[in-house]
1. Can you give me the number of residues within segment 17-50 that are closer than 25 Å to Ser92 by Cβ, hydrophobic (A, V, I, L, M, F, W, C) and without any contact (Cβ under 8 Å) to a residue 40 or more places away in the chain?
2. With the structure loaded, tell me whether Arg132 is at pLDDT 80 or above and in a helix (DSSP H, G or I) or whether it fails that test.
3. Residues Glu15, Glu30, Glu42, Glu10: which one is at pLDDT 85 or above, open to solvent by 90 Å² or more (accessible area, probe 1.4 Å) and under 20 Å from the mean Cα position of the chain (by Cα)?
4. Provide a single number: the residues in segment 15-47 that are assigned to a loop (DSSP other than H, G, I, E, B), among the aliphatic types (A, V, I, L, M) and under 15 Å from Ile2 (Cα atoms).
5. Mind checking which residues of segment 120-144 are in contact with a strand residue (DSSP E or B) (Cβ under 8 Å, 6 or more places away or on another chain) and either of a type in the set (D, E, K, R) or in contact (Cβ under 8 Å) with a residue 12 or more places away in the chain (or both)?
Amino acid sequence: MIRYSLVCREDHGFEAWFRDSAAFDEQSRESLVGCPRCGTSEVRKALMAPAVRTAKSPVRPTEVGPPPVAPAAGAVADASMPMAAALDDERSHHLRGLIRELHVKVRAQADDVGSGFSEEARKIHGGEVPARPIYGTATGEEARALVEDGIEIMPLPPMPDERN
């Protein structure tokens with residue numbers, strides 16, 4: 001596997017893993033490599049410094065292997081798709097804090113209906129039970145069906161440390 005630093009036409013920098021350099025060339029030619037920030041498939045390799053490790057330097061966790069593969073540009077992610085993001089800068093730490101605050105607020109102001117979320121949301125939408133804020137879990141298929149039926153839902157991002 002090889003990791004490339006890439007830059008899109010909007011100068012957004014990001015990294016991606018490929019089987020080899022030919023795989024990058026092929027995927028790029030077919031517009032399968034997309035910027036995670038703006039979605040454009042017009043990307044190029046950025047100038048990279050080689051990562052040289054001596055016997056005394058420890059292996060960092062990020063050097064152990066490639067991250068999960070993100071969907072191609074324009075693909076719609078569902079709840080079962082793993083997403084990778086590097087969260088080490090100040091902006092990312094702020095984002096983690098906002099996600100934690102959102103979870104605290106939702107848990108304080110809504111009822112946890114667990115795996116019965118889809119059923120309970122339908123009952124509320126249909127007027128069978130009094131309207132109230134709820135949260136819980138739903139499969140990707142259940143969530144799509146709710147949206148298709150005009151029932152407004154909002155996926156909660158997982159807590160930053162929840163899947164690590």
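The values are calculated or read from the model by the stated rules, or taken from the named source; none is laboratory data. Note that the structure is predicted; figures quoted are calculated from it, not measured. Here the Cβ is made from the backbone with ideal geometry for all residues, glycine too, and neighbour counts use every protein chain on show. Quick note on the areas: whole protein, heavy atoms, side chains included, nothing else; ligands and nucleic acids left out. Shrake-Rupley method; radii C 1.70, N 1.55, O 1.52, S 1.80 Å.
1. Looking only at that region, the number is 5.
2. Numbers: at pLDDT 80 or above: yes; in a helix (DSSP H, G or I): no.
No: the conditions fail for Arg132.
3. Glu15
4. Adding up the residues that qualify gives 3.
5. Glu120, Ala121, Arg132, Pro133, Ile134, Tyr135, Gly136, Thr137
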